[in-house]
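Inspection log for the structure reproduced underneath, given as structure tokens.
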Amino acid sequence: MDVSLSRTADDNIKTGKSGLLLVSDNYDAFALRVLAARSAERSLDLMYYLWHDDHTGRLLLREVFRAAERGVRVRMLLDDVNPRKNDAAYLALNNHPNIELKLFNPSGIRRGRIMRGVEVLLRLFALTRRMHNKAWIVDDKFAIVGGRNVGDAYFDAAETNFRDLDLLLLGPAVRQTAAIFDAFWACNEAKPLKTLGSVAEHEHAKWLEGSDTGPDPKFLNGIGNRGSITEFIAASNDVHWVDGVRVISDPPEKVRGWRRRSWLMKELRPIIQSTRGCLEIVSPYFIPGKRGTAILLDLVGAGVDVSVLTNSLAATDVAAVHGAYANYRKRLLRNGVKIFELQPFNRRSAISVFGSKGASLHTKAFTVDDNIGFVGSFNFDPRSVSLNSEMGVLFEDPKLVAELRHRFQSEISPETSYRLELKHNVLHWHGCGEGKIQDYTHEPEAGFFRRILAVFVRHLPIESQL
């Protein structure tokens, strides 16, 4: 470790402070995970909702495999929402003596579309409950927590890419993250791969051991000449040492539908309601519900400036969620909530009920006044509140909050987002296009079929599942 950084870190950690580094650049986020895997000496604990079988997903799996080859103990906990085609890679990893892999809330039938379809129907409500947590933990020294899954779209390696946020953690916050991982690792819903029967052919995934030219240079811009994660941190010079840091999570048993199913929201709600001056929310999937809407309107009534940034219909990767969110826009605007919708990166995206290549915003964060902030996996929608397990970092630090708020202001600029306005009960979207301010009176840049789908979903009784 860099001598000056080591001294600073040790001094702060001894006083109980945690180090927080905001990671917004997608290339940096990829480089950080590569360096974290390469820096591991004893253990590498990984928990993810999605780990895609694509270019960056395989590159990072290879880094994990190489860590195991050095003698690092690797534990991987993946939600079973991942595609079945990954089972061969799972098996190849799990066959390594230093790697153990578990799947969270897995389907029991691993092969055959018809039988798997039957299982989905029989276990519909159980299988819709997922582990949405994301954490990358190295030894007891570093942890990466935030909104990013593992895959090309999170690291600027796809045609269109997500805007997202992670926090790199040092000090006591790492131990808090490790405790959350351990709780999920030990729970009944986390099943060892070997207990799931015939998962797939026991073929050997040769790409795990095979020679590789390495990641494309563009993916390693964040590494440069830095040979370790500590050099990455030292070069960033933006670590905030904070007393009030809590890494919080839903308990694993939330997925069973037990009474503590909205545990994380019960932690966050009083903090949001304590706002006195300014509340800024970033949520790609925003469905406040009746109770959430009432809380936001109460805050506005008390003089609080409330602003929300979410995806536009043209930008969202889940059109169904947008349809449900649209039911709340007019009431929120009419009562003083400011709403901004991110413009699409790729304006030629294809329509899809479940997703589209036009997806852009994936950040989940909020700030309360000038001193409290949150970054994590939690969306302001019914799925995050009641169905999925979620986690994130809650902190009190004016400088880091100022950094988040500065980012929020840049994201809601006319060049980046539409500002919504209600005139005579008609929605207007204001944004900058082709060098001048544009005023739209319908969902901007969204195709006809996309708008029809959103309207259709608005009238379906499925909000609780979104």
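The values are calculated or read from the model by the stated rules, or taken from the named source; none is laboratory data. Note that this is a predicted model, so its numbers are computed, not measured. A quick note on method: Cβ atoms are made from the backbone with ideal geometry, for glycine too, and the neighbour counts reach across all protein chains shown.
Worth pointing out:
- Residues (of a type in the set (Val, Ile, Thr) and assigned to a strand (DSSP E or B)) located in segment 67-81: Val74
- Only one entry of Asn379, Asn425 meets the criterion of being touching a Pro at 6+ places or on another chain (Cβ under 8 Å), among the polar types (S, T, N, Q) and in the same structural domain as Glu280 (by TED's automatic domain parsing), and that entry is Asn379.
- In segment 66-94, the residues that are among the hydroxyl-bearing types (Ser, Thr, Tyr) form Cβ pairs under 6 Å with partners that are modelled with pLDDT of 80 or more and assigned to a strand (DSSP E or B), at six or more places apart or across chains, as follows: Tyr90/Leu101.
Residue-by-condition table, conditions (1) closer than 20 Å to Gly151 by Cβ; (2) at pLDDT below 95; (3) crowded, with 23+ Cβ neighbours inside 10 Å:
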position: Leu21; (1), (2), (3): no, no, no
position: Tyr27; (1), (2), (3): yes, yes, no
position: His55; (1), (2), (3): yes, yes, no
position: Val74; (1), (2), (3): yes, no, no
position: Pro83; (1), (2), (3): yes, yes, no
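- Qualifying residue in segment 283-302 (condition: more than 28 Å from Pro344 (Cα to Cα), aliphatic (A, V, I, L, M) and at pLDDT below 95): no
- Being under 29 Å from Asp79 (Cα atoms) and at pLDDT below 95 is a property that holds for Pro382.
- Exactly one residue out of Arg226, Arg259 is modelled with pLDDT under 60 and either part of a loop (DSSP other than H, G, I, E, B) or touching a His at 6+ places or on another chain (Cβ under 9 Å) (or both): that is Arg259.
- Hits in segment 160-201 - residues which are at pLDDT below 80 and out of contact with any helix residue (DSSP H, G or I) (no Cβ under 6 Å at 6 or more places or on another chain): Thr160, Lys194, Thr195, Leu196, Gly197, Ser198, Glu201
- Residues (aliphatic (A, V, I, L, M), under 15 Å from the mean Cα position of the chain (by Cα) and at pLDDT below 95) located in segment 385-425: Val385
- Residues that are surrounded by fewer than 16 Cβ atoms within 10 Å (Cβ to Cβ) and touching a residue at least 24 places away in the same chain (Cβ under 8 Å), drawn from segment 279-300: Asp298
- Residues of segment 309-324 classified as under 17 Å from Glu421 (Cβ atoms), of a type outside the set (Val, Ile, Thr) and not in a loop (DSSP other than H, G, I, E, B), total: 1
- Any hit, segment 347-364, residues being in a helix (DSSP H, G or I) and at pLDDT 95 or above: no
- Residue within segment 157-176 that is more than 13 Å from the chain's Cα centre (by Cα), basic (Lys, Arg) and assigned to a loop (DSSP other than H, G, I, E, B) present: no
- From Phe374, Phe448, residue being assigned by TED's automatic domain parsing to the domain that holds Ile281, within 27 Å of Gly289 (Cβ to Cβ) and not polar (S, T, N, Q): Phe374
- Remark: Arg269 matches the filter, which requires a residue to be assigned by TED's automatic domain parsing to the domain that holds Asp369, modelled with pLDDT of 95 or more, part of a helix (DSSP H, G or I) and of a type in the set (D, E, K, R).
- Selection from segment 420-452 of residues that are assigned to a strand (DSSP E or B) and of a type outside the set (A, V, I, L, M, F, W, C): Glu421, Lys423, His428, His430, Gly431, Gly433, Lys436, Gln438, Asp439, Tyr440
- The set of residues in segment 41-64 that are of a type in the set (Gly, Ala, Ser) and outside any strand (DSSP E or B) contains only Gly57.
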